[in-house]
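Working notes for the structure below.
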Amino acid sequence: MLQKEYRICMPLTVEEYRIGQLYMISKHSHEQSDRGEGVEVVQNEPYEDPTHGQGQFTEKRVYLNSKLPSWARAVVPKIFYVTEKAWNYYPFTITEYTCSFLPKFSIHIETKYEDNKGCNDNIFDTELKDQEREVCFIDIAYDEIPERYYKESEDLRYFKSEKTSRGILQEGWRDTQEPIMCSYKLVTVKFEVWGLQTRVEQFIHKVVRDILLLGHRQAFAWVDEWIDMTLDDVRDYEKQMHEKTNIKVCHEQQEQSTTNPSSLDDIEIHDRAST
């Protein structure tokens, strides 16, 4: 098991980011859903928890075969997906990732949002119970992003919001920015396979960090698109994007499995897409 705490500050309030997060996830998922890969939404509905109250439960399938390193692609099916289950009790969320093909693999993420600059060292005291973990700050403007994800329009060193007048983010912006909030994410990765555990868990944390950096950059870079939305507005947008993304992913999966139904997974996807 490898556990890290990530802290990502943004020039937003926690209340604003409630809308921005939903918008960013929906748009990002649609953008990434190409060549039969990306995110298929299986379930998205209200959920009530006796401890956390009213929330939203979402289940997704994340198809990512081509995004795996070569040593991993060699041992997984042609059509490979990870199941994501998320419980959103904003400003607290729980997200879990599992894979039926890899029963000893899991990612567990607990997220808390606060209006501060990432200075709360005790935010996960109840969950950690004195466990040690590495704390990693992610700078959405100045941390290096993988080249394949870079877009000039999303470079926050040069971006200024027309509607909020926030930005350009100068070096050291977290010390002077108002408003400011922080996403605190406690990420636990498990891959309990002898000989591969350390390598895989470190690789997964690198992927998680890149995704967190990209997603939070995009949430602010797209702020002028969502800042005027209400919660009902963004839920409607979310529903529309889920439908478009599912059609996009399932169509490509159907084509792939029709061409070469190489496994039971392929056949299952083909039947589901046809239905």
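The values are calculated or read from the model by the stated rules, or taken from the named source; none is laboratory data. Because the structure is predicted, anything quoted here is derived from the model rather than measured. Here the Cβ is made from the backbone with ideal geometry for all residues, glycine too, and neighbour counts use every protein chain on show. For the accessible areas, the whole protein counts, side chains as well, though only heavy atoms, and no ligand, DNA or RNA atoms are used. Shrake-Rupley method; radii C 1.70, N 1.55, O 1.52, S 1.80 Å.
From 101, 124, 80, grab the single residue that is at pLDDT below 95, of a type in the set (Phe, Trp, Tyr) and closer than 27 Å to residue 9 by Cβ.
124
Considering only residues that are part of a loop (DSSP other than H, G, I, E, B) and within 16 Å of the chain's Cα centre (by Cα), which ones fall in segment 177-198?
Result: no residue meets the conditions.
List pairs: first in segment 40-56 and over 15 Å from residue 90 (Cβ atoms), second of a type outside the set (S, T, N, Q) and open to solvent by 90 Å² or more (accessible area, probe 1.4 Å), Cβ under 9 Å, 6+ apart or cross-chain?
Matching pairs, first to second residue: 41/243.
Check segment 104-113 and report whether any residue there is open to solvent by less than 30 Å² (accessible area, probe 1.4 Å), over 15 Å from residue 188 (Cβ atoms) and either in contact with a helix residue (DSSP H, G or I) (Cβ under 6 Å, 6 or more places away or on another chain) or part of a strand (DSSP E or B) (or both).
Yes; the residues of segment 104-113 include at least one that is open to solvent by less than 30 Å² (accessible area, probe 1.4 Å), over 15 Å from residue 188 (Cβ atoms) and either in contact with a helix residue (DSSP H, G or I) (Cβ under 6 Å, 6 or more places away or on another chain) or part of a strand (DSSP E or B) (or both).
Return the only residue of 265, 228, 271 being among the charged types (D, E, K, R) and at pLDDT 95 or above.
Every option except 228 fails the conditions.
From the set of residues in segment 187-233 that are β-branched (Val, Ile, Thr) and open to solvent by 60 Å² or more (accessible area, probe 1.4 Å), which is nearest to residue 27 (Cα to Cα)?
That would be 211.
Suppose we keep only residues that are of a type in the set (A, V, I, L, M, F, W, C) and more than 13 Å from the chain's Cα centre (by Cα) within segment 205-233. Which one would you say is farthest from residue 151 (Cα to Cα)?
231
Just need a number here: residues in segment 159-176 that are open to solvent by 60 Å² or more (accessible area, probe 1.4 Å) and either closer than 17 Å to residue 214 by Cβ or of a type in the set (Asp, Glu) (or both).
Number of matching residues: 3.
For segment 87-103, give me each residue that is touching a Phe, Trp or Tyr at 6+ places or on another chain (Cβ under 8 Å), assigned to a loop (DSSP other than H, G, I, E, B) and closer than 28 Å to residue 200 by Cα.
99, 101, 102
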